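The values are calculated or read from the model by the stated rules, or taken from the named source; none is laboratory data. Values in this document were obtained by computation on a predicted structure and should not be read as measured data. Reconstructed Cβ throughout: ideal geometry from the backbone, glycine too, with neighbour counts over all protein chains shown. Quick note on the areas: whole protein, heavy atoms, side chains included, nothing else; ligands and nucleic acids left out. Shrake-Rupley method; radii C 1.70, N 1.55, O 1.52, S 1.80 Å.
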Amino acid sequence: VAVAAFFGLSQLADSVKVIVALIIVAALAAQLPVFGEAMGSLNLRISSASDSEGGTEGTFISRVSAPLTNAIESSTSQDHWYGNGIGMGSNVAATLLTGSAQFLAGEGEAGRVIFEFGSPGGLAFMLFRLLLALMIMAKGLSKVRQHQPLAWFMAPIAFTLLTVNVLEQPTLQGFMVITVGFSLAALKLRPSYGERASAIVRENEISGPRARQVPKRSRS
C-alpha cells in the first residue's frame, strides 16, 4: 500500500492516514493476552531456530541454498539426470514403495522437483516459475502507475506460491492457481473512462499552472 501510494502523490496523504490507523490498531491489539502469547511463542521459535542453525547466515544456507544444491548433487551423483518420474516425491509413492509415508525427495519444493524431473528439467521448471513471479511483480508495479494497484497487492502471495511453496499439496495448488489467475487477470484490467479522467485531473493538479495544456479541437 505504501509503495502504491508513492506512485500517486495525490493519494499519499489518504494512504498515510489509513496506514497510521492500522499501526495504532495493531499496537493496541498486541496488548491483548491472546496476541501476546502468540507473539511470544513465535519469537521463541524464531530465536531457537536461529541459534540451532547458526544465525542468519546458517539459516539462509540450510533453508534456501542447501536444498537446491543438495538436490542437484543427488541427481547428478546417482546418474538420474532424467529424473525419477513425476509423483515419485509424494507421500503416496513413498507408501507404495516403502510401506510408510515419508519424504523420499525431502521436504523442500526444489528438491522434490529436481528429484522427479532431473537436473535439466527441474532447474528449467523452477526458473520458469521464478521468471513468471518476477514478471507478475514487475507488471503489477507498472499497473500502479495507471492507478490499478490490484495486481501489485496480490504480488507477494503470488511470488511465494510460485517460488517456494510445495505444490504437491492440493490446497497450495489451488491457492497458486487462483492467485496467479487473479493476478494475470488484474494485469489485463483497463482503467475506465472516469478513472482516466481522474488521473488526468490529478496530474494537472500536481503539475500546477505550468502544466502542458491540451489544445482544444477545432470546430471546423
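Considering each of Pro156, Pro191, Pro215 in turn, give the residue that is under 19 Å from the mean Cα position of the chain (by Cα) and either more than 26 Å from Glu107 (Cα to Cα) or at pLDDT 80 or above (or both).
Pro156
In segment 136-152, how many residues are of a type outside the set (Gly, Ala, Ser) and surrounded by fewer than 14 Cβ atoms within 10 Å (Cβ to Cβ)?
Looking only at that region, the number is 1.
Which numbered condition in (1) over 30 Å from Met137 (Cα atoms); (2) modelled with pLDDT of 75 or more; (3) surrounded by 11 or more Cβ atoms within 10 Å (Cβ to Cβ); (4) not basic (Lys, Arg) is the only one that Glu37 fails?
(3)
How about segment 84-159: which helices (runs of 4 or more DSSP H) wholly inside it have at least 2 residues that are under 15 Å from Ala185 (Cα atoms) and not small (Gly, Ala, Ser)?
The qualifying helices (runs of 4 or more DSSP H) are 119-145.
Identify, by number, the condition in (1) open to solvent by less than 80 Å² (accessible area, probe 1.4 Å); (2) modelled with pLDDT under 80 that Ile61 doesn't meet.
Going through the list (1) open to solvent by less than 80 Å² (accessible area, probe 1.4 Å); (2) modelled with pLDDT under 80, Ile61 breaks only (1).
Tally up the residues in segment 107-135 that are under 13 Å from Asn165 (Cα atoms) and open to solvent by less than 60 Å² (accessible area, probe 1.4 Å), please.
Total satisfying the criteria: 9.
Taking the options Pro209, Pro170, name whichever one is modelled with pLDDT under 90 and over 30 Å from Val92 (Cβ atoms).
Pro209
Quick check on my filter: what residues within segment 158-182 are aliphatic (A, V, I, L, M) and either closer than 16 Å to Phe128 by Cα or surrounded by 17 or more Cβ atoms within 10 Å (Cβ to Cβ) (or both)?
Ala158, Leu161, Leu162, Val164, Val166, Leu167, Met176, Val177, Val180
Residue under question is Ile46, and the condition is that it be at pLDDT 80 or above and under 30 Å from His147 (Cα atoms); does it hold?
no
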